[in-house]
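Some notes on the structure that comes next.
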Amino acid sequence: MAAADRLPIGGVQWTTVIDFPDVVAATLFTIGCNFRCPFCHNPELVDPARLAETLDQPTILDRLRERVGFLDGVVITGGEPTIHPHLEAFVASLKVLGYRVKIDTNGTRPDVLSGLLDGSHDECGADYIAMDIKAPLPRYRELAGLDVEIDAIEASIVRIVEAAPAYEFRTTVAPTLGREDLVQIAERLRDAGARTYYLQAFRAAETGLLDPTWQGRPALSIEEIEATWDEIGAWFDGGGVRG
């Protein structure tokens, strides 16, 4: 397998019980992202120039093959996995091993999500999609760090609700996001028929954020986030607040 035919993986967490609901999984971190969220705590995955090298994909697959039975699933996160042309082929290789697959995405590639959600989930598709909602649509550029095709975000929400076997939407309550922002996001998801939504507390990374000037900016406290969830939680069947 030539390097150009591989999914660029910059890190692996070999065992997690929190990244994939009710599944013991490994988490793979892809390199590269089409967003520049200033509050991102994984800048080395956003900018490939900050990472020394990618990990060997065949070696990772061999290790996953050895762990079949101990692990039940694989989470592919980033960076942004859907920007890579070999994602679907890599997912198919995991399905051959019998793994359930969860994809974390920013929702900018609804065409890729459709490819992962069409057909047989047992053979080549994703079993779980987690989509990050960065902000209310009018504020997306500010929180994503660059211009965003809002129609793509909207299309991904609809596609996930319609076709994903299991899914969640989630918002990291980054600095500058307030109660009204969260209510607007929740209203949009409710109107789209979403069943599961999480609010995630923001925690500044010890190693720094993509934009260091955001490191000291205040964000809503866990108590404020929980109070907001008390307002919107009844709109969803599942979800809540993650600390």
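Taking amide H positions as modeled 1.01 Å from N, with prolines and chain starts lacking one, no residue 5 or more places away or on another chain lies under 5 Å from residue 134. Potential lengthening of the chain between residue 200 and residue 154 amounts to 14.5 nm, from the contour at 0.36 nm per residue minus the alpha-carbon distance.
R0 = 35 Å: FRET efficiency of residue 235 with residue 54, Cβ-based, nearest 0.05?
0.30
Listed values for the range 8-25 are Karplus-derived 3J(HN,Hα) couplings in whole Hz (6.51 cos²θ - 1.76 cosθ + 1.60, θ = phi - 60°), namely x, 10, x, x, 9, 10, 6, 9, 9, 10, 10, 7, 10, x, 6, 9, 7, 9, and x replaces Gly and Pro. If you take every DSSP beta bridge whose two residues both sit in the range 3-242, what share of them, in percent to the nearest 5, is antiparallel? If we restrict to bridges inside the range 3-242, about 20 percent are antiparallel. Full extension of the chain between residue 97 and residue 118 gives 5.6 nm of extra length, using 0.36 nm per residue less the Cα-Cα distance. Averaging the sequence gap over all C-alpha pairs within less than 8 Å and six or more residues apart, then dividing by the number of residues, gives the range 145-243 a relative contact order of 34 percent.
The ranking of 221, 156, 114, 93 from fewest to most other beta carbons within 10 Å of each one's beta carbon is 221, 114, 93, 156. Working value for the chain: equivalent-ellipsoid semi-axes of 28, 21, 17 Å, each the square root of 5 times a Cα gyration tensor eigenvalue, largest first.
Site pair residue 15 and residue 170 shows an inter-label distance of 2.1 nm when each label is modelled 7 Å from Cα along Cα→Cβ. In sequence order, the range 75-84 has phi-based couplings of 9, 10, 10, x, x, 10, x, 6, 7, 9 Hz under the Karplus curve 6.51 cos²θ - 1.76 cosθ + 1.60, θ = phi - 60°, and Gly or Pro positions carry x. The helix-based estimate of mean residue ellipticity at 222 nm for the chain, built from -39,500 (n - 2.57) per DSSP H run of four or more residues and divided by its residue count, is -9000 deg cm²/dmol to the nearest 500.
Any read-out appearing in this document is the output of simple, stated calculations on the displayed coordinates, not a laboratory observation. None of the values given here were measured: they were computed from a predicted structure. Here the Cβ is made from the backbone with ideal geometry for all residues, glycine too, and neighbour counts use every protein chain on show.
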